[in-house]
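Novice: Before I ask anything, here is the structure I am working with.
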Ligand SMILES: [Zn+2]
């Protein structure tokens, strides 16, 4: 098993603080590096418990108005989803769209990948985070798996996929109605490409899968949350986003190979994380489930889910994706991953 290094450096910042009558103040930052990719994140203990300043509080009246107004013209509500959403060409799918329970998968009007279907998750136009039930989430993933199965059969080139969620405008969604998007392409997009390259190097150097090593090393540690079936849940040492939680599958890396139970267990974990986010006052989130077609990598990749919270929704909210994230590709840590994991652990014991 390859030994994983969780590297960080401490950096002292000295300044004369106007809030302390211009006395000299010292803040000790911690700059962390992701053990696989080296991606940095920074924690300033002075900002701990200051989530309110960064993310604000959801304006419930504004959200109510937004939900009401957007429901009137929603393409995903009621009959509109049948009348106004695209259909696949008959050579791809004779049914035109893929349905699993309330989930309905169809092509995007403006694709951002070789394949880019959208999955309307449910009939409801708006859900609180605790209302994303495992069944509802599972229907979305089952539809995604059906799609990738067809895409693989039709197209030997397509290999790299991500099933993603943007919930509400701060997360980049253009529609309020709960939905997923899926990108499937012959080339991995940047983040997945960097991950696959680093995984191959790890495999070559250590003869093991980095993800297996990571799960083994983190198990029982301060960032370990728990297990749902074949998925290990933990918080990443150097997160990509706020309140990030990740799940790693024990063996498989291809969505098409995941069983109904795998998707059910994944969905049950996501539902627990979302319900916990609700207790923190969050409403907007993103997640991605990354997948690689069997035989297209060296066996080191594992199906991986990453889920993060986004900015809360209120008038004139400040975007949480600024120079640090966009142009320096680093994240600000408000709640340390170890504390987040500790709080989530009890949610995974039920
Ligand atoms: Zn709707």
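The values are calculated or read from the model by the stated rules, or taken from the named source; none is laboratory data. Keep in mind that what you see is a predicted model, and the values were worked out from it rather than measured. Here Cβ is always computed from backbone atoms with ideal geometry, including for glycine, and neighbour counts include all displayed protein chains.
Novice: Count, please, the residues in segment 158-185 that happen to be part of a loop (DSSP other than H, G, I, E, B) and within 15 Å of the ligand (Cβ to nearest atom). Even if it seems obvious, please write down each step before you answer.
Specialist: Pass one, segment 158-185, residues part of a loop (DSSP other than H, G, I, E, B): 158-159, 168, 172-178.
Adding the requirement that they be within 15 Å of the ligand (Cβ to nearest atom) leaves 168, 173-178.
Counting residues in segment 158-185 that are part of a loop (DSSP other than H, G, I, E, B) and within 15 Å of the ligand (Cβ to nearest atom) gives 7.
Novice: Next question, about the same structure. So which residues in segment 243-259 are more than 21 Å from residue 219 (Cα to Cα) and in contact with a helix residue (DSSP H, G or I) (Cβ under 7 Å, 6 or more places away or on another chain), if there are any at all?
Specialist: Once the filter is applied, which keeps residues that are more than 21 Å from residue 219 (Cα to Cα) and in contact with a helix residue (DSSP H, G or I) (Cβ under 7 Å, 6 or more places away or on another chain), segment 243-259 yields 255, 256, 258.
Novice: I've got another one for you. Give me a count of the residues in segment 313-343 that are farther than 22 Å from residue 170 by Cβ and touching a strand residue (DSSP E or B) at 6+ places or on another chain (Cβ under 8 Å).
Specialist: Of the residues in that region, 2 qualify.
Novice: Hey, does segment 311-325 have a residue that's at positive phi and more than 17 Å from the chain's Cα centre (by Cα)? Break it down stepwise before answering.
Specialist: Quick first cut of segment 311-325, residues at positive phi only: 316.
Applying the additional criterion that residues be more than 17 Å from the chain's Cα centre (by Cα) yields 316.
Yes, some residue in segment 311-325 is at positive phi and more than 17 Å from the chain's Cα centre (by Cα).
Novice: Sticking with this structure for a sec: Within segment 84-106, is there a residue that is surrounded by fewer than 16 Cβ atoms within 10 Å (Cβ to Cβ), closer than 25 Å to residue 192 by Cβ and within 16 Å of the ligand (Cβ to nearest atom)?
Specialist: So far as segment 84-106 goes, no, none of its residues is surrounded by fewer than 16 Cβ atoms within 10 Å (Cβ to Cβ), closer than 25 Å to residue 192 by Cβ and within 16 Å of the ligand (Cβ to nearest atom).
Novice: Still on this model: Among the residues of segment 288-307, is there at least one that is at pLDDT 95 or above, crowded, with 21+ Cβ neighbours inside 10 Å and part of a helix (DSSP H, G or I)?
Specialist: The answer is no, given that none of the residues of segment 288-307 is at pLDDT 95 or above, crowded, with 21+ Cβ neighbours inside 10 Å and part of a helix (DSSP H, G or I).
Novice: Name the single residue that is surrounded by the most Cβ atoms within 10 Å (Cβ to Cβ) among those in segment 324-347 being assigned to a helix (DSSP H, G or I) and in contact with a helix residue (DSSP H, G or I) (Cβ under 6 Å, 6 or more places away or on another chain).
Specialist: Selected residue: 344.
Novice: Considering only segment 209-222, I want to know if a residue exists there that is more than 16 Å from the ligand (Cβ to nearest atom), crowded, with 17+ Cβ neighbours inside 10 Å and part of a strand (DSSP E or B).
Specialist: No.
Novice: Related question: Here are some conditions: (1) closer than 17 Å to residue 295 by Cα; (2) without any contact (Cβ under 8 Å) to a residue 40 or more places away in the chain. Residue 131 meets all but one. Which one does it not meet?
Specialist: Looking at each condition in turn, residue 131 falls short on (1).
Novice: Would you mention how many residues in segment 57-83 are within 14 Å of the ligand (Cβ to nearest atom), loosely packed, with under 13 Cβ neighbours inside 10 Å and over 30 Å from residue 148 (Cβ atoms)?
Specialist: 4
Novice: Return yes when residue 112 is in contact (Cβ under 8 Å) with a residue 12 or more places away in the chain, in contact with a helix residue (DSSP H, G or I) (Cβ under 7 Å, 6 or more places away or on another chain) and over 30 Å from residue 8 (Cα atoms) and no when it is not. Let's see the steps before the verdict.
Specialist: Details: in contact (Cβ under 8 Å) with a residue 12 or more places away in the chain: yes; in contact with a helix residue (DSSP H, G or I) (Cβ under 7 Å, 6 or more places away or on another chain): no; over 30 Å from residue 8 (Cα atoms): yes.
Criteria not met by residue 112.
Novice: Scan segment 248-274 for residues that are touching a strand residue (DSSP E or B) at 6+ places or on another chain (Cβ under 6 Å) and surrounded by fewer than 17 Cβ atoms within 10 Å (Cβ to Cβ) and report the count.
Specialist: 0
Novice: Output the residue which, of all residues in segment 109-134 that are within 16 Å of the ligand (Cβ to nearest atom) and in contact with a strand residue (DSSP E or B) (Cβ under 8 Å, 6 or more places away or on another chain), is farthest from residue 273 (Cα to Cα).
Specialist: Here the residue is 118.
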